[in-house]
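Derivation of every value follows stated rules applied to the coordinates shown; laboratory data play no part. Because the structure is a prediction, the values reported are computed rather than measured. Every residue, glycine as well, gets a Cβ built from its backbone with ideal geometry; the counts of neighbours run over all protein chains shown.
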Amino acid sequence: MTKLNKLPAPTFGWLGVNFAERKISDNTAEPVSISEGQTVRTDITADARYELTAQENKELTVIMYITGEDKRIDISAKAESGAKLTLVQVFDKGAFTASALSAEIGDSAQLSLVQLYIGGADTVSEIAPVLSGYGSTFKADIGYLLDGDSRLDINLAADHRGRKSTSEINVSGVLADISEKTFKGTIDFKNGASGAKGAEKEDVLLLGEKVRNKSVPLILCAEEDVEGSHGASIGRINDEHIFYMQSRGIPEDKIYELTARSKTDRIIKLIGDEETVSRINKSLGRSDDDE
Amino acid sequence: MKEKTQVSDIDRSLYDFRYEEDERDYLGSGITPEIIKEISEEKNDPEWMREFRLKSLEIYNKTPMVDWGPSIEELDVDNIVTYIRQKSRMNTDWNDVPDDIKDTFERLGIPQAERESLAGVGAQYDSELVYHNVRKEVAQSGVVYTDLESAMHDERYADMIKEHFMKLVPPTDHKFAALHGAVWSGGSFVYVPAGVHLDIPLQSYFRLNAKGAGQFEHTLIILEENSYLHFIEGCSAPKYYEAGLHAGCVELFVGKGASLRYSTIENWSKNMYNLNTKRAIVSEGGKIEWVSGSFGSHVSYLYPMSILNGKGARAEFTGITFAGEGQNLDTGAKIVHNAPDTSSYMNTKSISKSGGISTFRSSVTVNEKAVGSKSSVSCESLMLDKISRSDTIPAMDIRTDKCDIGHEAKIGRISDEAVFYLMSRGLSEEEAKAMIVRGFADNVSKELPLEYAVEMNNLIGLEMKGSIG
């Protein structure tokens, strides 16, 4: 067994959040480099390695649609000075997936990460951006829709080293049936990252008596001149919201469906790419015209 | 260039006085079966307690050190003296307490506080209680407030002690809980009968005077149905170069509809390792309120735990931590929602300065049975310079969909705009910053007993003098 997704600052062992232990094999894939083209789409169904580079002052968008059997995905990304790298990852239903994304963000560069997890038997996802450049930006929008006995463990650690670097992490999702999710989100202000700002928000809707949600939002701070915040909201749909919608003639089961949908629709809208959205809708059993 | 105002450390002269111990009063250092048996003999333990101590020692030897939190590598437990013989028997008359001990507590203001505002006082000096007294009218209401050893030997309470002792914090909990089970000594026993509402607080004060020693007091409080108690705990020690260890244990049993407020002001000297364990279990409709101020010690691991075990049980935790030079204070709270309609609220502030490290660590667990439960956690941290550190490590483990859980945290510095505004109103920069920090800590300090709130405000003023430049 290998310890994956190690929490940058471990905590009480009995919570079971310090790492995710899984049996994994070596990633046998040859690395694929992508550094050109405005939008690149790629399907991943087996072990994969990618080296992504958004060159100085250029933009690069990479869309990964991930399905298939047990696999490891290792991505090394770089946004050079003034560049904008957008990485979209859709983890569709499938077997065990161990995904690791490391990234370096240069001066005034930006990495936008959009991730959507739809079911999936067992996904362990590590996200490790290093905001090394002055004014570098990391923005993450992550959504999940888990049902059945799906398991998801996400470990995101935004490492602020550059002055005036900014991170914004928004996570929202739905847990149904007996699914389990752990989200560990860390904003790490290193000494010297003066003027840095980091904000993290998680919104979890629970729709099953036997779901299990773990949320571990960390702020580590070794710099005085920073602003950091995190917020989390976990639970059912609040009674006032249900009452309001019922007063508008919407039946209760539809209210749950609509609210759950709103958590992932935000992410789907951000993905934008028609072809990818169409595949997501198909996987979710929705029509492209559904509103 | 502006000259920096320098105050290297806070004025601890109130606490940093000491009387030399007679080393013949020490049992040997280290943790061996022989030492444990000797402690047991010294205290005339009943057989079950003797066995409990030895069993705890076995657990201690098998249990690994924690693999998270601040480093305690420099703490050499084998060189800690775990027990110091008492110089006199426990007294209920202040005049009978030995002079040097009496002087110590008088300088700390304990007898004065008893006269003015407390229903009862206990004072522990090193390993044993030296004084315990409770007001006559309080005793007449059926409230028991005594040292744990006396209660254990009193046939009226012996079974109660056996039934509750280390049941909430078993020796298997962690290595220092096991150590506590093996070498515990002193501490208070409080029993509040059903329906008794104690309007004025009880206070126990723990003083560790001896060099290179440990203090392992055990506090056991039992509140019966619909009773109320405010219990205050204070701790201090003079500074030595040798490491000292505090591994106390607090177990609180809050009955149906009862309410307990437990306030602690921890001001150990900066050579102390404060590895304390506190836990409360709350029955239906009951309430536990923790108020915690952590200002002292070199290293602290302190997370009072509330187990909400009855329907509608509630917990509140209000805490402030101030980590200065040479301090690594890892504090917070743990809450377990184990019954329907339970609720919890956690509100903490931490301040780091002069290279101090402050960590807020928490857990909120909502079990399957806790339907309809609510929890809210709010923590704020303030960094006063570039050489300090402040970490926030909360965790939530939710196992039912019928609950509402909220968490928010913020970290930052003193806003330049706020300082500018106050300076435009005639305050100096130093005064403005001190006022802002006091304001930051205000909603916590107002929960502290008055004399401690004043002390905390003074401490902030002193610390802030060193931060301008």
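Bin width 5 Å, origin at 0, all Cα-Cα pairs of the stretch A:2-236: what percent of pairs per bin?
With a bin width of 5 Å, the distribution comes to 1, 7, 15, 18, 20, 17, 12, 7, 2, 0.
Please go through the stretch A:19-61 and write out the trypsin sites (Lys or Arg not before Pro) that DSSP classes as loop and that have at most 16 other C-beta atoms within 10 Å.
In loop regions of the stretch A:19-61 (DSSP not H, G, I, E or B), the sparsely surrounded trypsin sites (Lys or Arg not before Pro) are A:K23, A:K58.
For the protein assembly as shown, would you read off the P(r) tail past 47 Å as a percentage of all alpha carbon pairs?
26 percent
Considering only DSSP beta bridges with both partners in the protein assembly as shown, what is the antiparallel share in %, to the nearest 5?
10 percent
Send over the semi-axes of the stretch A:65-165's equivalent ellipsoid, whole angstrom and largest first, taken as the square roots of 5 times the C-alpha gyration tensor eigenvalues.
Computed over the stretch A:65-165, the values are 28, 11, 11 Å.
Computed over the Cα atoms of the stretch B:307-411, what is the convex hull's projected area averaged over all directions, in nm²?
Over all viewing directions, the stretch B:307-411 projects a mean Cα-hull area of 5.7 nm².
Once amide H atoms are built 1.01 Å from N in the peptide plane, which residues 5 or more positions from B:G372, or in another chain, come under 5 Å H to H?
B:D341, B:K402, B:C403
Rounded to the nearest 0.05, what FRET efficiency is calculated for A:K93 and B:S424 with R0 set to 60 Å and r the Cβ-Cβ distance?
According to the calculation, E is roughly 0.45.
Rg (Å, one decimal) plus Dmax (Å, integer) for the alpha carbons of the stretch A:172-216?
Answer for the stretch A:172-216, Rg first and Dmax second: 14.9, 46 Å.
Need one number for the stretch A:190-291: average projected area of the convex hull over its C-alpha atoms, nm².
In nm², the orientation-averaged hull projection of the stretch A:190-291 is 9.9.
Inverting the mean 1/r over all pairs of different Cα atoms, compute the Kirkwood radius of the stretch B:163-319 and quote it in Å.
15.7 Å
Placing +1 at every Lys and Arg Cβ and -1 at every Asp and Glu Cβ, with all other atoms neutral, what dipole size does the stretch A:2-236 have around its Cα centre, in debye to the nearest 20?
With only Lys, Arg, Asp and Glu charged at Cβ, the dipole is about 340 debye.
Could you compute the net charge surrounding B:T400? Neighbours are other residues with a C-beta less than 10 Å from the C-beta of B:T400; K and R count +1, D and E count -1.
Within the 10 Å Cβ shell, the charges total +3.
Beta carbons within 10 angstrom, averaged per residue: use that to sort the peptides A:107-113, B:150-156, B:168-174, highest first.
A:107-113, B:168-174, B:150-156
Which order results if B:F295, A:F96, A:F243 are arranged by neighbouring Cβ count within 10 Å, fewest first?
Placing the least packed residue first, the sequence is A:F243, A:F96, B:F295.
So, by mean Cβ neighbours within 10 angstrom, what's the order for A:133-140, B:394-401 with the highest one leading?
So the order, starting with the most tightly packed, is B:394-401, A:133-140.
If you count, for every residue in A:210-216, the Cβ atoms of partner chains within 10 Å of its Cβ, what is the mean?
What the average comes to for A:210-216 is 6.
Within 10 Å, count the other beta carbons around each residue, average over each peptide in B:365-373, B:214-222, and list them highest first.
Order by mean packing, descending: B:214-222, B:365-373.
Over all distinct Cα pairs, what is the inverse of the mean 1/r for the stretch B:337-463, reported as the Kirkwood hydrodynamic radius in Å?
Kirkwood hydrodynamic radius for the stretch B:337-463: 16.6 Å.
Trypsin sites (Lys or Arg not before Pro) within the stretch A:205-291: which are DSSP loop residues with at most 11 other Cβ atoms inside 10 Å?
Loop-located and lightly packed - A:R248.
Let me confirm one metric for peptide A:161-172, namely the mean number of other chain beta-carbon atoms within 10 Å of its residues' beta-carbons.
Across A:161-172, the average partner-chain Cβ count within 10 Å equals 0.
If you plug each phi of the stretch A:253-265 into the Karplus form 6.51 cos²θ - 1.76 cosθ + 1.60 with θ = phi - 60°, what whole-Hz ³J(HN,Hα) values come out, in order, with x for Gly and Pro?
My calculation for the stretch A:253-265 gives 5, 5, 4, 4, 5, 5, 5, 4, 5, 4, 5, 9, 4 Hz in order.
Please tell me which of these pairs span more than 22 angstrom C-alpha to C-alpha: B:K270/B:K446; A:K184/B:K446; B:K62/B:K167; A:K6/A:K58?
B:K270/B:K446; A:K184/B:K446; A:K6/A:K58
When Cβ neighbours within 10 Å are restricted to other protein chains, what is their mean count per residue of peptide A:234-240?
5
Check cross-link reach from B:K402 to the lysines: straight Cα distance under 20 Å, and skip same-chain residues fewer than eight apart.
Here the lysines satisfying the reach criterion relative to B:K402 are A:K181, A:K210, A:K214, A:K254, A:K263, B:K311, B:K369, B:K374.
Rounded to two decimals, what is Rg over Rh for the stretch A:127-199 when you use alpha-carbon atoms and the Kirkwood radius?
1.12
Using a Förster distance of 22 Å, how high is the FRET efficiency between A:A46 and A:S278, based on the Cβ-Cβ distance and rounded to 0.05?
Approximately 0.40, to the nearest 0.05.
Please arrange A:E202, B:E289 by counting, for each residue, the other beta carbons lying within 10 Å of its beta carbon, fewest first.
Taking fewest neighbouring Cβ atoms as first place, the list is B:E289, A:E202.
Could you derive backbone 3J(HN,Hα) for the stretch B:341-358 from the dihedral phi with the Karplus parameters 6.51, -1.76 and 1.60 (θ = phi - 60°), listing whole Hz in sequence and x where the residue is Gly or Pro?
With the stated coefficients, the stretch B:341-358 comes to 6, 7, 9, 9, 9, 10, 9, 10, 10, 9, 10, 10, 8, 6, x, x, 10, 10 Hz.
So how do A:L207, B:L302, A:L258 line up by other beta-carbon neighbours within 10 Å, fewest first?
A:L258, A:L207, B:L302
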